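Take a look at the structure set out below.
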């Protein structure tokens with residue numbers, strides 16, 4: 001994926017990765033969150049965290065030639081590795097996730113910190129739920145259910161999105177005055 005926006009003053013290139021499926025089967029929770037009349041999820045300190053990462057990042061330069069010198073494949077790998085490092089953590093110990101929102105922010109922050117060439121990064125994560133299911137055969141045979149069987153569910157559904165930027169303002173400069181090209 002690549003979009004280029006240009007005018008006489010600058011070039012903005014947007015790149016990214018799409019549909020990277022990830023799942024943690026341990027070290028993930030969802031507790032101590034704001035509750036209201038519409039809250040349906042119970043609190044838990046151990047749950048499956050599953051999502052499909054869509055990530056978009058931008059580069060802003062004054063000349064196209066400056067952009068063309070960048071190692072786009074290397075940057076793609078660095079951002080992917082930074083995100084996955086924050087999602088999974090070290091192989092032997094993992095990393096605890098208090099919720100998708102916290103993990104998303106950690107992934108985006110790691111990408112911005114790791115890759116100095118990018119200006120902004122946006123993560124979009126649908127929250128894919130797997131609900132515990134106690135099978136009747138367990139109960140019939142006196143087997144204790146310990147949250148070891150899960151069923152995928154499309155409800156409840158949430159889409160969590162955030163942008164982390166190097167810009168001092170909340171938003172990067174607008175691209176509305178720039179000419180768009182699709183590569």
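The values are calculated or read from the model by the stated rules, or taken from the named source; none is laboratory data. Here the structure is a predicted model, which is why all the values come from computation and not from measurement. Here Cβ is always computed from backbone atoms with ideal geometry, including for glycine, and neighbour counts include all displayed protein chains.
Structure notes:
- Scanning the range 81-103 for residues that are touching a helix residue (DSSP H, G or I) at 6+ places or on another chain (Cβ under 9 Å) and assigned to a helix (DSSP H, G or I) returns 81, 82, 83, 84, 85, 86, 87, 103.
- Positions within the range 2-21 being out of contact with any strand residue (DSSP E or B) (no Cβ under 6 Å at 6 or more places or on another chain) and either within 30 Å of residue 48 (Cα to Cα) or free of Cβ contacts under 8 Å to residues at least 60 places away in the same chain (or both), in sequence order: 8, 9
- Condition met for residue 55 (surrounded by 16 or more Cβ atoms within 10 Å (Cβ to Cβ), in a strand (DSSP E or B) and either more than 19 Å from the chain's Cα centre (by Cα) or at pLDDT below 90 (or both)): no
- Flag for residue 17 being at pLDDT 90 or above and either within 15 Å of the chain's Cα centre (by Cα) or in a loop (DSSP other than H, G, I, E, B) (or both): yes
- Qualifying residue in the range 146-167 (condition: at pLDDT below 80 and under 19 Å from residue 10 (Cβ atoms)): yes
- Inspection of the range 70-79 finds a residue satisfying the criterion of being over 22 Å from the mean Cα position of the chain (by Cα), surrounded by 11 or more Cβ atoms within 10 Å (Cβ to Cβ) and assigned to a loop (DSSP other than H, G, I, E, B).
- Qualifying residue in the range 34-47 (condition: within 21 Å of residue 164 (Cβ to Cβ) and either out of contact with any strand residue (DSSP E or B) (no Cβ under 7 Å at 6 or more places or on another chain) or not in a helix (DSSP H, G or I) (or both)): no
- If only residues of the range 110-142 that are in a helix (DSSP H, G or I) and in contact with a helix residue (DSSP H, G or I) (Cβ under 7 Å, 6 or more places away or on another chain) are counted, the one that is surrounded by the fewest Cβ atoms within 10 Å (Cβ to Cβ) is 114.
- Hits in the range 20-32 - residues which are surrounded by 12 or more Cβ atoms within 10 Å (Cβ to Cβ) and in a loop (DSSP other than H, G, I, E, B): 25, 27, 29, 31
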